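Single-structure report; data block below.
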């Protein structure tokens with residue numbers, strides 16, 4: 001799941017992932033295994049209730065690196081591809 005994450009359309013962080021989920025733009029969510037569940041738990045539950053697949057990464061460091069940022073990331077949201085008319 002983390003392979004190729006740098007090249008995908010994505011949002012990094014809880015606030016941005018939540019906004020994308022509320023706008024029905026989220027295809028899937030990746031949560032770091034060492035993220036504080038008190039912080040990411042509501043977003044995880046929100047996505048599960050709406051049928052958005054939730055995946056787990058080993059650590060915030062690994063998830064941040066896979067997303068192409070220099071710091072850890074608690075969540076990364078993969079954006080749905082825009083449909084062309």
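Values computed for the structure shown
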quantity	calculated
Residues that are more than 17 Å from residue 26 (Cα to Cα) and free of Cβ contacts under 8 Å to residues at least 60 places away in the same chain, drawn from the stretch 40-83	57, 58, 59, 60, 61, 64, 65, 69, 70, 71, 72
Residue within the stretch 42-51 that is in contact with a strand residue (DSSP E or B) (Cβ under 7 Å, 6 or more places away or on another chain) and part of a strand (DSSP E or B) present	no
Counted residues, the stretch 52-69 - those being part of a loop (DSSP other than H, G, I, E, B) and under 13 Å from residue 12 (Cβ atoms)	2
Candidates 67, 73, 80, 35 - the one that is farther than 14 Å from residue 4 by Cα and under 10 Å from the mean Cα position of the chain (by Cα)	73
All positions within the stretch 30-49 that are closer than 16 Å to residue 18 by Cβ and out of contact with any helix residue (DSSP H, G or I) (no Cβ under 7 Å at 6 or more places or on another chain)	36, 37, 38, 41, 42, 44, 45, 48, 49
Identity of the residue in the stretch 1-20, outside any loop (DSSP other than H, G, I, E, B), surrounded by 14 or more Cβ atoms within 10 Å (Cβ to Cβ) and in contact with a helix residue (DSSP H, G or I) (Cβ under 8 Å, 6 or more places away or on another chain), that ends up modelled with the lowest pLDDT	5
Given (1) under 15 Å from residue 78 (Cα atoms); (2) free of Cβ contacts under 8 Å to residues at least 40 places away in the same chain, index of the condition residue 21 fails	(2)
Subset of the stretch 21-41 [in a helix (DSSP H, G or I) and surrounded by 15 or more Cβ atoms within 10 Å (Cβ to Cβ)]	21, 40
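The values are calculated or read from the model by the stated rules, or taken from the named source; none is laboratory data. This one's a predicted model, so the numbers in the text were calculated from it and none came from an experiment. Heads up, the Cβs are rebuilt from the backbone with ideal geometry, glycines too, and the neighbour counts pull from every protein chain shown.
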